[in-house]
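Peer 1: Handing you this structure, nothing more for now.
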Amino acid sequence: MKFRKLFFGALCAMMVTAGFTSCSDDDNEDWRDGSQMEMADTRAYILNEGNAGSNNSNIIYFDWQEDLVYPKCIFTEQNGKQLGDTGNDICMAGDKILVAVNVSNYVALLTGAGVEKSRLSFEGEEYKHLGQVRSLAVSGNNVFVSSYGGYVSKLRISGNKLNYVDSLKVGTYPETLAEKDGKIYCAVSGWGADKRVAVIDANKFDAVEYIEVMGNPDNVLASDNAILVQGYGSDNSYPWGTINPDTKEYTQKGNATAYTVYNNVVYAAMSETDWSNWPDVSTVTTLYTYDLTTDKKNNTFFKEMPEAIKSSSAYSMSVNPYTGDIFLATTDFSTDGIIYKFKADGTYQLAFPAYGINPNKIVFLK
Amino acid sequence: MGNLGRNIKKQRENCRSVLIRAFVAMLSLSYSTAPAAMLLPRCPAAGDTTEVRRMGTASVSGHKTAADVLATKPLQTMERTEIEALGLENVAEAVKRFAGTTVRDYGGVGGMKTVSVRNLGAHHTAVSYDGIVVSNTQAGQIDIGRYLLDNVERLTLSTGHSDNLMQSARHYAAASVLDIESKTPLLTTERNNQLRLTMKTGSFGLANPSLHYDRRLARRTVLSLDAYFMHSDGTYPYSLLNASKRSKEKRYNSEVTSWQGQADLRHAFADGSQMHLKTMWYRSERGLPGTVIFYANPSEERLWDEDFYAQALYSKHFSRQWQLQGRMKYTHTWNRYTDPRYKFRDVNRQNEYYASATAGWQPLENLSFALAQDIAFNDLRNNILRNVEVVPANPRRFTSLTALTAQWRTARVNIQGNLTGTYATEDVHAGKKPDDRRRLSPTVAATWRLLPEQSFFARLMYKNTFRMPTFNDQYYYRMGSTNLKPEKATEYNAGLTWSGSPARWIKYLSLTVDGYYNHVHDKIVAFPTTYVWKMANFGKVEIWGIDVTMATEIPLTRNVSALLTGNFTQQRAKDKTNPKSQTYNNDVPYTPRSHGNLSIILNNPWVNVGYSLCYCGSRYSMGQNKPEYRIRQYTESSLTLSRDFRLGASRLKLAASVVNLENKQYEVVKYYPMPRRSWHLTATFQW
């Protein structure tokens, strides 16, 4: 099994061979069942979307403690088949992983090692009206899936099986979901024609309420005391803000093309394209944090940032919940993305290739 | 010279023989009228040794060989006899057998097929049908898979443009030109009527009846009518490789139904001038199978097309010094595209009003000039449904092209220079319009006979050209940009050509070797910037390559002869856009480093045999040349058996073809699997 050391600074790969052994205090080793390879407990998975129509979505595994990356798709290595076309969301359900693959149109339940245990395809006659799957949220054993037919569907994990429960119509082209306090929040984009977040009771799953936000909302997250929503905005300014779960009021806080939240701090990237010199375009990316508790923005949190970030398009941001390390993923939309790792204090640490196009999200396990 | 003199005399005597068609086409290579319009060809002037060489070669082998050898710029031709013998179905199948071409084939009968020459991109290839360039201002690419070969006499692919001075400015402006030339009716017969009925059937539920009728309305006037119908369910099995697992699948949503009607009126005036009027109507409905997506059902995309055009071509020799050729064309195209899965619906309507004239002047024996002026007015109206209301730009474009050409030609040297000026201005119904565009495109080409008694030539070419941004590039919903500059291409070519009969048992042998360097900059690409893709002048591409072609005929017995043609291309097309990019110096997607073709035709009194083999080397589907994006090399061979039966004054021809003899599964475009072994039968009754 060949791994690559995450590089420091320059992208010059160094091949190293490593065999991992378990170093976890957790005695539950069920996640290793069926795995074709030895893996570290301190795992992280990058979901790369690939390009539409190219069947080149993949999941790349790296050891976030040892800074080792396995440069091949772990899903293919474990299952002998490819992930498919446009993986659009990945999330954790206990020690299991869920992945939604948009154009291939299925949700799969994987072990913590990436071994597929169950799959629900929306391509069958029974589910085809639901449209293509987009995003996921988990609440206990319940999985919520948005799909382009305008629905949020409820699935249930029973052991290693993923079962369909029900669907609710929420509006056209729903995007990401987040769960907070038994409620499911879903951005209803309408591909620019809508400006609402749908709210569903996760247990009752019988009615939909709406909260008006920005135009073309896209990315919903849950923090300790608020729901966050980011979208394109009616003027493509990429606003983001918070929804008070009690008052259902939306307040804009800033602008970001990629963001995430951890411990009530928003980590955001704003990539802006300078159109004035078009067609000799250039993209300028700035990073900042926003403390939701104090309502303060910090433009200097990220330190020693490589120059390359400033002219790249930020695609996603993720935080390792075990260390607080921040991971910024950039893309040029046609070649392998780059992952930049910052320490929890905002100091740049290293960069490594995502080994796939358009790195959408990273999930961390231990 | 004695032999040459006898050849001249013989050619004059046989001026109205079968060979005249070949000879007329040869003249079209230099200072002549358009071959498509030729009804009553003129006898050549004697004394031009080059012409004599052409005739001599043409008389034994068909002019294909001579044309390739004599041209100042690489030229490849395929004659009707070869098309029939190899059982080729459409223009794309024929063109992919030319050296240096890349036909992007999305598979199936209805799949789009475009041709790029020497990797400049399909937008740089002009397609000319019976002397007038086909235009698509919206997409900029011509689907050559639509053109059936039933009534095609000759295909010619010119790198740069052909040496014919009497062509339109659009011909001169293109980086390469594919000429489709239809048959000239009743040329070789004294009859007043001719009827041809053809029925094709084969794999994928193919039903393709066609009718062609020629009638001589007057001594110099011939009317031709054509009607085609084609239906194919397009369904074919294929095997799909998913990592290490291979599954058997079927390609659905590939059916196509098309109808086509065409009328041609050719008239030769008493003063020697000629006119060719042509009108065509085409309608099709097809499924678009799209890319194969793992685990998902087939595409539900559909496309409806309707094309209509009426064109006129007139040519006149005023004197030995002066001649004129005029062209007019009106084109209307309509298409509707739907994708129920995403609730997409596009309706596009285009009109083109086009006029062109070329004046030729030969003040001296060796010196000729031609001035071509084209004007075109194009408009596009579309309705686009993308879930939100889109206000279309409805652009209109006026284009003027002026091409001045000079040629100096002696027995051993032929030098041609051309300067083409383009002016384009646009107007829009809504949104921004681009600035007016003006650009000059020079070409210099020369060929030199290295040995006076040998058909052994050296040739050089330089051409600087460009392609205008299409309406889609500029106005497509969200992606279009009106700030685009034209995409520039520079071509350099140096080659050696030779033709002769090196041994008694070889009737003729011709060889060409051309090395080339092309450079494309300001390439128009979809450029990703912060989630919104925009069309931009971003790419730079460098292309190096060498094309080798060969053609020979070997008589085996008195009645049996073998015709062999082959070509091989070795090339490298590298991305030179951004040294910091992961694609820098990588191969441009879908550019194999090597490809080649071989065909063998065995003519005999019993059953003619045609065999062809295409080879395409491995290439990458993405700009980042990772192993997982490598598409495997493939070879495809086909075999055709055919025989003519005489039924009194009528003729029945039966042909049977097997395509992809080895039953191989391969892809031209990633995740667009090509059909495995297929067959078709053709019965042609001619009265």
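The values are calculated or read from the model by the stated rules, or taken from the named source; none is laboratory data. Only a predicted model underlies this, so the values are computations on that prediction, with no experimental measurement involved. We place every Cβ from the backbone using ideal geometry, glycine too, and count neighbours over all the protein chains shown.
Peer 1: Can you name the strands (runs of 3 or more DSSP E) wholly within the stretch B:240-310 that have at least 2 residues being more than 14 Å from every other protein chain (Cβ to nearest Cβ) and farther than 30 Å from B:Leu211 by Cα? First the steps, then the outcome.
Peer 2: On the way: elements: B:245-251, B:256-268, B:274-288.
By residue number, B:245-251.
Peer 1: Which members of the stretch A:317-336 meet the condition of being at positive phi and more than 11 Å from chain B (Cβ to nearest Cβ)?
Peer 2: A:Gly324
Peer 1: Another question, if that's okay. Just for strands (runs of 3 or more DSSP E) wholly inside the stretch A:33-137: which have at least 1 residues that are in contact with a Pro (Cβ under 6 Å, 6 or more places away or on another chain)?
Peer 2: Numbers: elements: A:43-48, A:58-63, A:68-73, A:87-93, A:96-101, A:106-110, A:116-121.
Once the strands (runs of 3 or more DSSP E) in the stretch A:33-137 are filtered for at least 1 residues that are in contact with a Pro (Cβ under 6 Å, 6 or more places away or on another chain), what remains is A:43-48.
Peer 1: I'd like to verify a number: residues in the stretch A:25-59 that are over 15 Å from A:Thr111 (Cα atoms) and within 14 Å of chain B (Cβ to nearest Cβ), how many?
Peer 2: 11
Peer 1: Among the residues of the stretch B:173-188, what is the count of those that are part of a loop (DSSP other than H, G, I, E, B) and within 15 Å of the chain's Cα centre (by Cα)?
Peer 2: Here is the first cut: in the stretch B:173-188, the residues part of a loop (DSSP other than H, G, I, E, B) are B:174-175, B:183-188.
Those still in the list that are within 15 Å of the chain's Cα centre (by Cα) too: B:174-175.
Residues in the stretch B:173-188 being part of a loop (DSSP other than H, G, I, E, B) and within 15 Å of the chain's Cα centre (by Cα): 2 in total.
Peer 1: Give me a count of the residues in the stretch B:643-663 that are closer than 14 Å to B:Thr198 by Cα and surrounded by 19 or more Cβ atoms within 10 Å (Cβ to Cβ).
Peer 2: Residues of the stretch B:643-663 closer than 14 Å to B:Thr198 by Cα: B:644, B:650-656.
Checking the rest, the ones that are also surrounded by 19 or more Cβ atoms within 10 Å (Cβ to Cβ) come to B:655.
Matching residues across the stretch B:643-663 total 1.
Peer 1: So, one more: Among strands (runs of 3 or more DSSP E) lying entirely in the stretch B:617-687, which contain 2 or more residues that are charged (D, E, K, R)? Steps first, answer last, please.
Peer 2: Working: elements: B:634-647, B:650-659, B:667-669, B:678-686.
Qualifying strands (runs of 3 or more DSSP E): B:634-647, B:650-659.
Peer 1: Separate question: Restricting to the stretch B:624-652, give me the number of residues that are touching a Lys or Arg at 6+ places or on another chain (Cβ under 7 Å) and touching a residue at least 60 places away in the same chain (Cβ under 8 Å).
Peer 2: Going through the stretch B:624-652 one residue at a time, the tally reaches 1.
Peer 1: If you don't mind, there's one more thing I want to ask. Would it be correct to say that B:Thr188 is β-branched (Val, Ile, Thr), over 26 Å from B:Asn119 (Cα atoms) and at pLDDT 90 or above? Full working, then the answer.
Peer 2: Working: β-branched (Val, Ile, Thr): yes; over 26 Å from B:Asn119 (Cα atoms): yes; at pLDDT 90 or above: no.
It is false that B:Thr188 is β-branched (Val, Ile, Thr), over 26 Å from B:Asn119 (Cα atoms) and at pLDDT 90 or above.
Condition check ((1) part of a strand (DSSP E or B); (2) touching a residue at least 60 places away in the same chain (Cβ under 8 Å)) across all residues:
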{"residue": "B:Val127", "(1), (2)": "yes, no"}
{"residue": "B:Val133", "(1), (2)": "yes, no"}
{"residue": "B:Gln138", "(1), (2)": "no, yes"}
{"residue": "B:Arg154", "(1), (2)": "yes, yes"}
{"residue": "B:Ser162", "(1), (2)": "no, yes"}
{"residue": "B:Leu225", "(1), (2)": "yes, no"}
{"residue": "B:Tyr228", "(1), (2)": "yes, yes"}
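Peer 1: To continue, here is another question. Is it true that some residue in the stretch A:120-128 is under 14 Å from the mean Cα position of the chain (by Cα) and either modelled with pLDDT of 95 or more or of a type in the set (Ser, Thr, Tyr) (or both)? Explain how you work it out, then say what you get.
Peer 2: The first filter runs over the stretch A:120-128 and keeps only residues under 14 Å from the mean Cα position of the chain (by Cα), leaving none.
No, that holds for no residue.
Peer 1: For the stretch B:624-642, name all the residues that are under 18 Å from B:Leu241 (Cα atoms), away from chain A (no Cβ under 14 Å) and surrounded by fewer than 17 Cβ atoms within 10 Å (Cβ to Cβ).
Peer 2: Restricting attention to the stretch B:624-642, the residues satisfying the condition of being under 18 Å from B:Leu241 (Cα atoms) are B:626-634.
Checking the rest, the ones that are also away from chain A (no Cβ under 14 Å) come to B:632-634.
B:Arg632, B:Gln633 - these are the residues of the stretch B:624-642 that are under 18 Å from B:Leu241 (Cα atoms), away from chain A (no Cβ under 14 Å) and surrounded by fewer than 17 Cβ atoms within 10 Å (Cβ to Cβ).
Peer 1: Considering each residue of the stretch B:263-286, count those that are at negative phi and touching a residue at least 60 places away in the same chain (Cβ under 8 Å), and give that number.
Peer 2: Total meeting the criteria: 11.
Peer 1: Still on this structure, I have one more. Just one of B:Arg215, B:Arg191 is of a type in the set (Lys, Arg) and in a loop (DSSP other than H, G, I, E, B); which is it?
Peer 2: B:Arg191
Peer 1: Next question. What about B:Asn394, is it modelled with pLDDT under 95 and under 27 Å from the mean Cα position of the chain (by Cα)?
Peer 2: Numbers: modelled with pLDDT under 95: yes; under 27 Å from the mean Cα position of the chain (by Cα): no.
No, not satisfied.
Peer 1: Also, quick follow-up: Of the numbered conditions (1) farther than 26 Å from A:Ala256 by Cα; (2) buried (at least 20 other Cβ atoms within 10 Å of the Cβ); (3) hydroxyl-bearing (Ser, Thr, Tyr), A:Ser158 satisfies every one except a single condition; which is it?
Peer 2: Every listed condition holds for A:Ser158 apart from (2).
Peer 1: I need the full set of residues from the stretch B:554-570 which are within 25 Å of the chain's Cα centre (by Cα) and either within 14 Å of another protein chain (Cβ to nearest Cβ) or of a type outside the set (S, T, N, Q) (or both), in order please. Don't jump to the end; show me each part of the working.
Peer 2: Residues of the stretch B:554-570 that are within 25 Å of the chain's Cα centre (by Cα), as a first pass: B:563-570.
Passing the criteria: B:Leu563, B:Leu564, B:Gly566, B:Phe568.
Peer 1: What do you reckon, is B:Arg619 surrounded by fewer than 20 Cβ atoms within 10 Å (Cβ to Cβ), of a type in the set (Lys, Arg) and away from every other protein chain (no Cβ under 14 Å)? Give the steps one after another, and end with the answer.
Peer 2: Working: surrounded by fewer than 20 Cβ atoms within 10 Å (Cβ to Cβ): no; of a type in the set (Lys, Arg): yes; away from every other protein chain (no Cβ under 14 Å): yes.
The answer is no for B:Arg619.
Peer 1: Mind checking whether some residue in the stretch A:269-292 is within 14 Å of chain B (Cβ to nearest Cβ), crowded, with 23+ Cβ neighbours inside 10 Å, within 14 Å of the chain's Cα centre (by Cα) and not aromatic (Phe, Trp, Tyr)? Lay out the reasoning, then the answer.
Peer 2: To start, the set of residues in the stretch A:269-292 that are within 14 Å of chain B (Cβ to nearest Cβ) comprises A:269-286.
Applying the additional criterion that residues be crowded, with 23+ Cβ neighbours inside 10 Å yields A:269, A:271.
Those left that are additionally within 14 Å of the chain's Cα centre (by Cα): none.
No, every residue in the stretch A:269-292 fails to be within 14 Å of chain B (Cβ to nearest Cβ), crowded, with 23+ Cβ neighbours inside 10 Å, within 14 Å of the chain's Cα centre (by Cα) and not aromatic (Phe, Trp, Tyr).
Peer 1: Among the listed residues B:Asn418, B:Asn464, B:Asn483, which satisfies the condition of being touching a Pro at 6+ places or on another chain (Cβ under 9 Å), free of Cβ contacts under 8 Å to residues at least 40 places away in the same chain and either surrounded by 18 or more Cβ atoms within 10 Å (Cβ to Cβ) or under 19 Å from B:His123 (Cα atoms) (or both)? So that I can check it myself, show each step before the final result.
Peer 2: On the way: B:Asn418 fails: free of Cβ contacts under 8 Å to residues at least 40 places away in the same chain; B:Asn483 fails: free of Cβ contacts under 8 Å to residues at least 40 places away in the same chain.
Exactly one residue qualifies, and that residue is B:Asn464.
Peer 1: Right, something else. Output the number of residues of the stretch A:90-145 satisfying the condition of being away from every other protein chain (no Cβ under 13 Å), buried (at least 24 other Cβ atoms within 10 Å of the Cβ) and among the hydroxyl-bearing types (Ser, Thr, Tyr).
Peer 2: Going through the stretch A:90-145 one residue at a time, the tally reaches 1.
Peer 1: Could you please give the count of residues in the stretch B:571-584 that are under 19 Å from B:Asp522 (Cβ atoms) and away from every other protein chain (no Cβ under 13 Å)?
Peer 2: Selection size over the stretch B:571-584: 4.
Rundown of residues vs (1) under 28 Å from B:Ala403 (Cα atoms); (2) small (Gly, Ala, Ser), yes/no style:
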| position | (1), (2) |
| --- | --- |
| B:Arg146 | no, no |
| B:Asp150 | no, no |
| B:His161 | yes, no |
| B:Ser168 | yes, yes |
| B:His171 | yes, no |
| B:Ser176 | yes, yes |
| B:Asp179 | yes, no |
| B:Ser182 | yes, yes |
| B:Glu190 | no, no |
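Peer 1: Starting from residues that are small (Gly, Ala, Ser) and over 30 Å from B:Glu453 (Cα atoms), keep the ones in the stretch B:476-524 and report whichever is nearest to the other protein chains (Cβ to nearest Cβ). Break it down into steps so the answer makes sense when it comes.
Peer 2: At the first step, the residues of the stretch B:476-524 found to be small (Gly, Ala, Ser) are B:480-481, B:489, B:494-495, B:499-501, B:503, B:510, B:515.
Adding the requirement that they be over 30 Å from B:Glu453 (Cα atoms) leaves B:480-481, B:489.
On the way: B:Gly480: 12, B:Ser481: 6, B:Ala489: 18 Å.
The residue in question is B:Ser481.
Peer 1: While we're on this one: Are there any strands (runs of 3 or more DSSP E) wholly within the stretch A:214-307 with 2 or more residues that are among the small types (Gly, Ala, Ser), and if so which?
Peer 2: Values: elements: A:217-222, A:227-231, A:239-243, A:250-255, A:258-262, A:265-274, A:282-291, A:296-298.
By residue number, A:265-274.
Peer 1: With respect to A:Asp218, determine if the residue is within 14 Å of chain B (Cβ to nearest Cβ) and closer than 24 Å to A:Lys154 by Cβ.
Peer 2: On the way: within 14 Å of chain B (Cβ to nearest Cβ): yes; closer than 24 Å to A:Lys154 by Cβ: yes.
Yes: the conditions hold for A:Asp218.
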